[in-house]
1. Looking at the range 78-89, is at least one residue in the same structural domain as ASP121 (by TED's automatic domain parsing), within 25 Å of the chain's Cα centre (by Cα) and within 23 Å of PRO153 (Cα to Cα)?
2. Give me a count of the residues in the range 199-217 that are in a strand (DSSP E or B) and either farther than 25 Å from ILE258 by Cα or among the hydroxyl-bearing types (Ser, Thr, Tyr) (or both).
3. Give the range 76-108 a look and list any residue that's at pLDDT 95 or above, more than 8 Å from the ligand (Cβ to nearest atom) and among the hydrophobic types (A, V, I, L, M, F, W, C), or say none.
4. Would the range 240-251 turn up any residue that is over 20 Å from GLU173 (Cα atoms) and part of a loop (DSSP other than H, G, I, E, B)?
5. Based on this model, can you work out whether VAL125 counts as away from the ligand (no atom under 16 Å from the Cβ), within 16 Å of ASP43 (Cβ to Cβ), crowded, with 17+ Cβ neighbours inside 10 Å and not small (Gly, Ala, Ser)?
6. Would you please name the residue that is surrounded by the most Cβ atoms within 10 Å (Cβ to Cβ), looking only at residues in the range 228-239 that are in a helix (DSSP H, G or I) and out of contact with any Pro (no Cβ under 9 Å at 6 or more places or on another chain)?
7. Does ARG111 qualify as being within 21 Å of the chain's Cα centre (by Cα) and either near the ligand (Cβ under 10 Å from one of its atoms) or without any contact (Cβ under 8 Å) to a residue 24 or more places away in the chain (or both)?
Amino acid sequence: MRAVVLDRYGGPEVLAVRDVAEPEPGPHQVVVRMAASGLNRLDVFVRQGLTGPGVRQPRALPHVMGAEGAGTVVAVGPAARTDLAPGDEVMVFSGLSCGSCRFCRRGETSRCPRYAILGEDVWGVQRELVALDPASLLRVPSGMTLTEAAAVPTTFTTAWTMLMTTGRLRMGERLLVVGASGGVSTAAMQLAAQAGAEVWAATRSPDKARYLGGLPYVHEVVDSSAPGWSAQVRERTGGEGVDMVADAVGAPTWPDAIRSLATGGRLVICGATGGDRPEISIRELYQAHRQILGAPFGGWNDFVDVVGLMGRTGIRPLVHATVPMERTGDGHLIIERDEHIGKVVVDLT
Ligand SMILES: [Zn+2]
């Protein structure tokens, strides 16, 4: 069966579509024919072989890519504890965990000491068939396409965890999303608006600013290409600042993100795509009762909560582009060049 395979680290050209062995499902597992997989910045880091603090060690090569996706159940093992049946459409959750530690028992699976991510630590979902435990699979809400569903597990779970579980966003609060065009950022804006927050978006791109300004759930757009852009935020909030900043960019945006915060405001972070070593003032943090909160991905509990919400409200991922399996590298380039608003999805059919 075909898969998006990494034989060596490097640029997008190292990704190859070729045959790999079919999965050998255990009696307790479910086999899913994959339809689509959402790309994340994680895919780019895996392809590049990025290492360092907070980044997992390189995996054995060859490696199959893909952290999130959706497809159709084709077989259910005789010992599988599930009500899924062949023909059911499912989303594949990106996190694998032990199932028995105190965090797993609470559903906080991303805190598990044996936590692993599909497509990062083990073979991912960008292949025709995967065999997984039922604990990794959740039914696609009715009315959601498989292309949309493929862009939900990593992206919306991360956004939900940042805002709700970790950030504890409340109705009426002001949220500023920095680098507001990525998959997690656009998901965060949709969820925050649903939760009754006032959504602000910061972007460096005039084109993206125009697009974001036209979204019904975006209240204000901030030009973060301007030096000291937090002054815009403070001025336009009457000097108050915002209650929460969601930042996946990292070092380049942290100083202004912190200065945009109101007294007692929270900076919630889920990544450092732009750099890992910010220069910040400790006094600017504690003197104003500000907090920095880390939210790497999220647990099964968060995934179930956000998919439930999406099923009830009709919130759907913004899909910027869909690329065929053979052009997965082009999808990586769209993300690396920051050309996207929302998600890039690989079609695996
Ligand atoms: Zn565990």
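1. yes
2. 1
3. Residues satisfying the conditions are VAL76, ALA79, ALA80, LEU84, ALA85, VAL90, MET91, VAL92, PHE93.
4. yes
5. Yes: the conditions hold for VAL125.
6. VAL233
7. For ARG111, the condition - within 21 Å of the chain's Cα centre (by Cα) and either near the ligand (Cβ under 10 Å from one of its atoms) or without any contact (Cβ under 8 Å) to a residue 24 or more places away in the chain (or both) - is met.
The rows are residues; the columns are (1) in contact (Cβ under 8 Å) with a residue 24 or more places away in the chain; (2) assigned to a loop (DSSP other than H, G, I, E, B).
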{"residue": "ALA3", "(1), (2)": "yes, no"}
{"residue": "ARG8", "(1), (2)": "yes, yes"}
{"residue": "VAL32", "(1), (2)": "yes, no"}
{"residue": "LEU50", "(1), (2)": "no, yes"}
{"residue": "LEU61", "(1), (2)": "yes, yes"}
{"residue": "ALA67", "(1), (2)": "yes, yes"}
{"residue": "ALA85", "(1), (2)": "no, yes"}
{"residue": "MET91", "(1), (2)": "yes, no"}
{"residue": "GLY99", "(1), (2)": "yes, yes"}
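The values are calculated or read from the model by the stated rules, or taken from the named source; none is laboratory data. For clarity, every value in this text was computed on a predicted model and none was experimentally measured. Neighbour counts run over all protein chains shown; Cβ positions are idealised from the backbone, glycine included.
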